[in-house]
Amino acid sequence: MLGVAATALIGLTAALAPSTAVAQEGANRPNIVFINVDDLGWGDTGFMGSTFYETPNLDLLAAEGMMFTDAYAPAANCAPSRAVVFTGQYGPRHGVFTVGNSDRGQNQLRKLIPTPNTEYISEENTTFVTLLNENGYATCHVGKWHISTDPLKHGFEVNIGGWQSGHPRQGYFSPYGNPALSDGPEGEHLTFRLTDEAIHYLRNRDDGRPFFLSMQYYIPHTPIQAKEEVIARYKAKSPTATHFNSTYAAMIDHMDYNIGRLLETLDELGVRENTLVLFTSDNGGIHNISRMWPLRGEKGSYYEGGIRVPMIVRWPGQVSPGTRSSTPVQGVDFFPTFMEAARIEVPEERLLDGLSLIPHLTEGEEIPERALFWHFPVYLQPYGRGNFETRDPFFRTRPGAVMRLGNWKLHEYFEDGGLELYDLERDLGERLNLAELLPEKTAELHAKMKAWREETGAPVPTEPNPQYNSGREAELMEAFYRETR
């Protein structure tokens with residue numbers, strides 16, 4: 001039941017396969033399964049504490065590997081996060097800062113002309129997939145891509161369901177309207193179908209090469225759609241103040257069930273022991289669907305709720321089961337991590353911004369304290385009327401930058417030069433701004449942030465927007481607070 005693009009390509013796999021000698025040389029290198037889901041909040045799984053959502057397969061995966069409490073997506077929305085992961089470079093190096101255009105939200109409320117956005121990564125920007133493929137790995141992409149028109153131009157031999165769309169255009173039930181995936185029978189759910197395709201790919205490989213499977217589920221991105229019988233089961237449960245949407249809960253159930261099917265296939269094929277599995281989400285969830293509490297913010301916001309995500313790494317015999325790490329890590333680290341696991345030397349001229357997590361995963365070595373960065377010189381409008389989780393009700397975020405160093409988190413906003421400093425150890429919800437109380441620490445971190453911007457050539461918008469209307473903004477702000485009192 002291979003998808004359209006995969007059907008056309010599967011016959012080429014043998015022709016593209018390396019010699020038997022190369023295949024044998026790579027026999028002891030691990031397979032890699034990268035499971036990246038879409039818009040899953042930090043606390044939206046059982047292993048992260050939810051009692052409403054049920055994720056037994058992910059809970060077991062966490063028990064079998066290392067679970068990260070302080071893992072971060074490289075951006076607060078989909079495309080820029082994925083662009084950083086696959087290139088190993090922060091946004092300023094490739095220019096993918098957001099999804100679509102950079103001037104989102106009401107024009108009269110934008111004080112600056114934002115930096116233009118680059119929609120897709122360039123074909124010249126080598127992904128880690130290209131290096132895996134060039135060094136003897138079979139490479140297959142299943143599901144969401146969103147960072148170019150075609151994954152096959154970025155190192156994949158097989159593509160099933162990946163194209164430039166960031167969500168299921170016609171919904172989760174067939175017909176899908178996806179040119180890289182044929183429609184299934186009536187009532188088929190996309191999450192089950194993509195898992196069927198991935199399992200089919202794994203079962204029908206026979207060239208002896210180690211494989212890289214990019215399992216990129218669209219779920220639980222909107223639209224919120226799930227099977228009725230599963231929705232009914234969650235309607236019978238008692239909701240919490242944080243988790244309350246039974247259809248979203250059913251989507252998470254679908255996600256977990258199908259990840260379980262995929263992991264079970266690794267067991268059946270006898271490759272579990274030599275397969276590194278990394279599970280994470282590309283950004284935080286949506287506040288009106290599932291609260292990120294105790295984190296502040298949501299998808300699109302650079303408060304913790306928009307960028308802190310669940311993450312698990314399982315690698316039998318290499319990563320001790322049941323381990324837990326509170327070390328801050330980010331998706332920019334995946335490129336060098338996969339390269340070291342696969343024993344591939346990255347060309348000297350290939351600039352990477354992250355570091356390999358392998359010594360931390362396998363030996364428990366401490367990762368040297370380093371700053372993690374997020375740069376967002378664009379605008380992103382709110383969902384609906386907005387809420388108090390963001391800096392103001394008119395945007396999930398305005399142009400700005402964020403840095404985490406140790407337990408310190410610094411926000412900078414380019415419109416007004418505003419700075420916010422939080423101590424995440426004592427204030428995980430980012431409620432108490434210490435910038436004025438700790439001016440020396442604020443200045444120290446701000447200097448590091450500006451030095452990083454200079455190093456990476458990060459653009460900072462400064463041109464005023466002639467259409468900005470301060471009177472209209474004040475009027476809308478007054479109305480908003482009057483309505484919400």
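General observations
- Restricting region 222-237 to residues that are assigned to a loop (DSSP other than H, G, I, E, B) and touching a residue at least 60 places away in the same chain (Cβ under 8 Å) leaves a set whose member that is farthest from residue 41 (Cα to Cα) is 237.
- Selection count, region 239-268, where residues are without any contact (Cβ under 8 Å) to a residue 60 or more places away in the chain and either out of contact with any helix residue (DSSP H, G or I) (no Cβ under 9 Å at 6 or more places or on another chain) or among the acidic types (Asp, Glu) (or both): 4
- Among the residues of region 336-362, those that are part of a helix (DSSP H, G or I) and under 17 Å from residue 29 (Cβ atoms) comprise 336, 337, 338, 339, 340, 341, 358, 361, 362.
- Pairs are defined by a Cβ separation below 7 Å, a sequence spacing of at least 6 or placement on different chains, a first member in region 348-360 that is buried (at least 18 other Cβ atoms within 10 Å of the Cβ), and a second member that is part of a helix (DSSP H, G or I) and among the β-branched types (Val, Ile, Thr); the pairs so defined are 353/332; 354/332; 356/337; 357/337; 358/337.
- Selected residue (criterion: farthest from residue 360 (Cα to Cα)) from residues of region 310-327 that are in contact with a Ser or Thr (Cβ under 6 Å, 6 or more places away or on another chain) and not in a loop (DSSP other than H, G, I, E, B): 310
- Filter result for residue 425 (outside any strand (DSSP E or B), under 22 Å from residue 70 (Cβ atoms) and either without any contact (Cβ under 8 Å) to a residue 40 or more places away in the chain or touching a helix residue (DSSP H, G or I) at 6+ places or on another chain (Cβ under 6 Å) (or both)): yes
- Verdict on residue 298 being part of a loop (DSSP other than H, G, I, E, B), under 20 Å from the mean Cα position of the chain (by Cα) and either farther than 22 Å from residue 93 by Cβ or charged (D, E, K, R) (or both): yes
- Residue 46 free of Cβ contacts under 8 Å to residues at least 60 places away in the same chain and either closer than 29 Å to residue 132 by Cβ or touching a Phe, Trp or Tyr at 6+ places or on another chain (Cβ under 8 Å) (or both): yes
- The set of residues in region 93-106 being farther than 16 Å from residue 462 by Cα and either in contact with a Lys or Arg (Cβ under 8 Å, 6 or more places away or on another chain) or in contact (Cβ under 8 Å) with a residue 40 or more places away in the chain (or both) consists of 93, 96, 97, 98, 99, 104, 105, 106.
- Exclusive hit being more than 22 Å from residue 71 (Cβ to Cβ) and buried (at least 19 other Cβ atoms within 10 Å of the Cβ), set 451, 458: 458
- Residue in region 416-431 that is closer than 28 Å to residue 108 by Cα and either loosely packed, with under 12 Cβ neighbours inside 10 Å or modelled with pLDDT under 95 (or both) present: yes
- For region 47-62, residues that are farther than 23 Å from residue 198 by Cβ and assigned to a helix (DSSP H, G or I) total 1.
- Region 42-64: number of residues that are surrounded by fewer than 24 Cβ atoms within 10 Å (Cβ to Cβ) and out of contact with any Leu (no Cβ under 8 Å at 6 or more places or on another chain): 11
- Considering 192, 212, the condition of being in a strand (DSSP E or B), touching a residue at least 12 places away in the same chain (Cβ under 8 Å) and among the aromatic types (Phe, Trp, Tyr) is satisfied by 212 alone.
- Residues (crowded, with 24+ Cβ neighbours inside 10 Å and either in a helix (DSSP H, G or I) or modelled with pLDDT under 95 (or both)) located in region 79-93: 79, 80, 81, 82, 83, 84, 85, 86, 87, 91
- Any chance residue 104 is basic (Lys, Arg), closer than 30 Å to residue 245 by Cα and crowded, with 24+ Cβ neighbours inside 10 Å: no
- Any hit, region 244-252, residues being in a loop (DSSP other than H, G, I, E, B) and within 28 Å of residue 171 (Cα to Cα): yes
- Within region 434-485, being of a type in the set (A, V, I, L, M, F, W, C), part of a helix (DSSP H, G or I), in contact (Cβ under 8 Å) with a residue 12 or more places away in the chain and under 13 Å from residue 401 (Cα atoms) holds for 445, 449, 452.
The values are calculated or read from the model by the stated rules, or taken from the named source; none is laboratory data. Keep in mind that what you see is a predicted model, and the values were worked out from it rather than measured. Positions of Cβ are generated from backbone atoms using ideal geometry, with glycine treated the same way; all protein chains shown enter the neighbour counts.
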